[in-house]
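Here is the structure we will look at.
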Amino acid sequence: MSRIEILKTYKLYIGGQFPRTESGRYYPLLDKKKNVIADVCLGSRKDFRNAVVSARGAFNSWGGRTAYNRSQILYRIAEMLEKRKSEFIEEIILQGGNKADAKKEVELSIDRLVYYAGWCDKFQQIFSSVNPVASSHFNFSVPEPTGVVAIVAPQDSSLIGLVSLIAPIIAGGNVCIALASEKMPLCSITFGEVLATSDVPAGVVNIITGKTSELISHMSSHKDVNALVYGGKDQKEIKLVKENATLNVKRVFVYQNNWNKTESQNPYFIFDTQEIKTTWHPIENIGVGGAKY
Amino acid sequence: MSTKTKTTNKPKLDFTSGWGYTPSPESTDHIKLEKRYDHFINGQFVKPAGGKYFPTINPATEKQISEVALGDARDIDKAVKAARNAYEKVWKNMPGAERGKYLYRIARIIQERARELSVIETLDGGKSIRESRDIDIPLAAAHFFYYAGWADKLEYAFPNRKVESVGVAGQIIPWNFPLLMAAWKIAPALACGNTVVLKPAETTPLTAMKLAEIFRDAGLPPGVVNIVNGDGIAGAALVNHPGIDKVAFTGSTDVGKIIQKAIAGTNKKATLELGGKAANIIFEDAAIDQAVEGIINGIFFNQGHVCCAGSRLFVQEGIADLVIRKLKDRMQTLIVGDPMDKNTDIGAINSKEQMNKINEYLKIGVAEGAEMWQSNCQIPKTGYYCRPTIFLHASQSHRIVQEEIFGPVLAIQTFRTVDEVVEKANNTPFGLSAGVWTDKGSKIFNLTTKLRAGVIWANTYNKFDPTSPFGGYKESGFGREGGLHGLMPYVNLK
């Protein structure tokens, strides 16, 4: 008799834990032949609110870590993902992808994490400035993370889109809540398992599965969310998000890149969710001294 | 002068009786060292062409640890050819992201083998295990990790320019931070697509050979980094080899000048990180205890074998007596001795040669009329050790003020005004670093704009980070290592 396989329960990833949705609801994920692959949590507005609380709680610690530390943790995520590559490839195939593309997508996701790991302690040097003000002051501007970022992941991929949006946001010291692709949600929760074993502190990344149509209004109007990154193409949703954002002057970014291309990665994705802080400090009297020597 | 207080060798506070520390030696049984090391050329350990080896000595015990190949021009030639071959055939055209992956691997293996590397660094060089464990080795890993990330991002460092690698870099490193200096040199070179021939210092070759093993274990393609051991003969052969495109040197100003001259008729690029005689300036409004710690760290860190050591102390007159008293008290607590002991603050002087040089300067200082004071700690009978030393009433013209001693020897002067101290601090051919201690921010920035030095530490001292450019003004050399600016020496911008 052949062995009966153990099936995995896909839950949410909130505050470093894997809870079921508080709503108790699910939606079935179907394969091409309309067979049920898995029951996926139909996340609720309350799940999102819980995730915002977790994220906000983690912000101080994550944003305050040294850039070097964040860099190593992002690299660690890549290390973990590399070792679990086959699992992700299987999931992508299960959700309708072909084998060659699946492998490419997972490898690109790993490389993208390494890419942003490298930026953690470098983007500051690209985007900072020392400003030569016309008075005796030392004046400099540096980027700082904007805070809690909500992410609506692209619908058309299970992993690469999600990774491409999360990586630059956390590389810059932000915390986030990502809503996974509704059509292809499997990799998102498995990616949560990778995060949970990569020294990423609880709450820095939270992942919810569910319906965009149900959650987007709430995500964009939540007043403790500082920015929203929208990875979809629906014009009505984009308008809604931008309107709701005005409630607390949320920063909204709409990305419609082809994430399967290596060009779809650059430090400006980090810069988007950064604030610029300028500091003035007096100098007793400025001058290039000691010119005699 | 207000520093002219009566000083005796009797400590005001008693730290010597009833305060013994139990010895806490780091064990050495987990390290792997060969009896003999060759060169590392084209991914292989290769015997020297001349067949000669030289001993490498533990300066704490004067006993031989291992012996190392003595390189000459033939070995250098072989290494340069291997580096050129690897450059043309493999490294130059490898995508940056892939080059970066090798560097990340190297960083990770250094982290994994950190304890072994720390112990070997201390055995071979005499620095305290606390420093090699907490500073040298972690920073070396961090440098590889940092520059790994740059490998595929160079176009952002140099906007509007096409970034090209330079070619084969010849790199010569000193004995004060052996593995760390290897990392400072190799990591940015490889990240930018160059290949390397490295010559470690003759008194501290062992961690470089362990690094060669790491390159091998990381799968780094053969020839990308080649290491030739030896003395000045190998160094000169490397600098003068027509097959190298760039020289990176850290060491004395004297040798730096010879190198600059040697390559004057060529197109070789160069960076020189040379000597220093840093001013550490304490103002009356400084947090005094914190400043005293800064003085201690500034001059006694790594036995004072630091090019950016705060070897000239300038104390504002009103607090001179207080600072010097506190400094002496603190010096009495410093533990000088077995570098492998985790309690040790000041380890062994790196070599007999360096020990003699320091002792000579102590004589010169006394002969010139400065007042020498040393802590009265116990030092081991064998091995090379020097008590922490200060010279009071030093003056600008003294050789102990003008020349780099590279030991735990501090020359102390006083000052009254900002203008005066700027004048005195800048009055040296060197310009590597300086320290400023004051609670007034506007004074800090006033001083940082006026001090002619490449690194200014304010209310801290001897801090290093891969993201932070390091290098000198004037005769302390040119070019920067670390940070975005540290990429510059290893690229051609088209």
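Quick note: the coordinates plus some simple rules give every number you see, no bench work behind them. Quick caveat: nothing in here was measured; it's all calculated off a predicted structure. Heads up, the Cβs are rebuilt from the backbone with ideal geometry, glycines too, and the neighbour counts pull from every protein chain shown.
Below, the figures for the structure above:
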quantity: Dimensions in Å of segment A:100-158 - Rg and Dmax from alpha carbons; calculated: 18.5, 61
quantity: Cβ-placed point charges (K, R +1; D, E -1), dipole of segment A:87-172 about Cα centre in debye, nearest 20; calculated: 280 debye
quantity: In Å, descending, principal axis extents of the Cα set of segment B:279-458; calculated: 48, 30, 28
quantity: For chain B, share of DSSP beta bridges that run antiparallel, in % to the nearest 5; calculated: 35 percent
quantity: Inter-probe distance in nm under a simple model that places probes 7 Å from Cα toward Cβ, at B:LYS494 and B:LYS257; calculated: 3.9 nm
quantity: Two-decimal Rg/Rh across segment B:15-88, once Rg and the Kirkwood Rh are taken from alpha-carbon atoms; calculated: 1.25
quantity: Residues whose placed amide H lies under 5 Å from that of B:GLY275, excluding near-sequence neighbours; calculated: B:THR253
quantity: Contour excess over end-to-end distance, with Cα ends at A:ASP39 and A:ILE6 and 0.36 nm allotted per residue; calculated: 10.5 nm
quantity: Calculated over chain B: convex hull of Cα atoms, volume per residue (Å³); calculated: 139 Å³
quantity: Label-to-label distance, nm, for residues given as B:ASN359 and A:ASP101 (7 Å Cα→Cβ offset); calculated: 7.8 nm
quantity: Overall Cα dimensions of segment B:389-494 - principal axes, largest extent first, Å; calculated: 53, 32, 22
quantity: Convex hull volume per residue for segment A:9-97, taking Cα atoms only, in Å³; calculated: 115 Å³
quantity: Relative contact order (%) - criterion: Cα under 8 Å, at least six apart; region: chain B; calculated: 19 percent
quantity: Debye intensity ratio in log₁₀ form over the Cα atoms of segment A:112-195, taken at each q of 0.20 Å⁻¹; calculated: -0.92
quantity: Percentage of interatomic Cα-Cα distances in segment B:90-225 larger than 17 Å; calculated: 56 percent
quantity: Chain B, helix-only ellipticity at 222 nm - DSSP H runs n ≥ 4, -39,500 (n - 2.57), divided by all residues, nearest 500; calculated: -10500 deg cm²/dmol
quantity: Listed residues A:TRP280, A:TRP259, A:TRP62, most fluctuating in chain A (Gaussian network, C-alpha, under 10 Å); calculated: A:TRP280
quantity: Between 0 and 90°, nearest 10: helix B:114-125 axis offset from chain B longest Cα axis; calculated: 70 degrees
quantity: Packing-based ranking, highest mean first, of A:63-75, B:189-201, B:124-136, A:124-136 given that Cβ atoms within 10 Å are counted; calculated: B:189-201, B:124-136, A:63-75, A:124-136
quantity: Helix axis angle, A:85-94 relative to chain A longest principal axis, alpha carbon, degrees; calculated: 50 degrees
quantity: Summed residue charge, Cβ within 12 Å of B:ARG84's Cβ, Lys/Arg positive, Asp/Glu negative; calculated: +1
quantity: Å³ per residue enclosed by the Cα convex hull of segment B:388-433; calculated: 86 Å³
quantity: Rounded to 10°, Cα long-axis angle of helix B:206-217 versus longest principal axis of chain B; calculated: 40 degrees
quantity: Normalised contact order of segment B:279-458, rounded percent, pairs of Cα under 8 Å and 6 or more residues apart; calculated: 29 percent
quantity: Square roots of five times the Cα gyration tensor eigenvalues for segment A:26-282, Å; calculated: 32, 21, 16
quantity: Given charges at Cβ of Lys, Arg, Asp, Glu: the protein assembly as shown dipole, positive-most of A:ALA102, B:GLY256, B:GLY407; calculated: A:ALA102
quantity: About the Cα centre, charge dipole magnitude for chain B (Lys/Arg +1, Asp/Glu -1 at Cβ), debye; calculated: 860 debye
quantity: DSSP-defined beta bridges in segment B:279-458 - what % are antiparallel, rounded to 5; calculated: 15 percent
quantity: Residue-averaged beta-carbon neighbours from other chains (10 angstrom radius) around B:141-147; calculated: 3
quantity: Rounded to 5, the percent of DSSP beta bridges in segment A:26-282 classed as antiparallel; calculated: 50 percent
quantity: Backbone HN-Hα couplings from phi across segment B:418-429 [Karplus 6.51/-1.76/1.60, Hz, Gly and Pro as x]; calculated: 4, 4, 5, 6, 5, 4, 5, 5, 7, 7, 7, x
quantity: Inter-chain Cβ neighbour average for residues A:117-125, partner chain, 10 Å; calculated: 6
quantity: Chain A: relative contact order in percent, alpha carbon pairs under 8 Å with at least 6 residues between; calculated: 23 percent
quantity: Which of B:TRP184, B:TRP373 has the fewest Cβ neighbours within 10 Å, and the rest in rising order; calculated: B:TRP373, B:TRP184
quantity: Label-point separation, B:VAL366 to B:ALA73 (7 Å along Cα→Cβ), nm; calculated: 4.6 nm
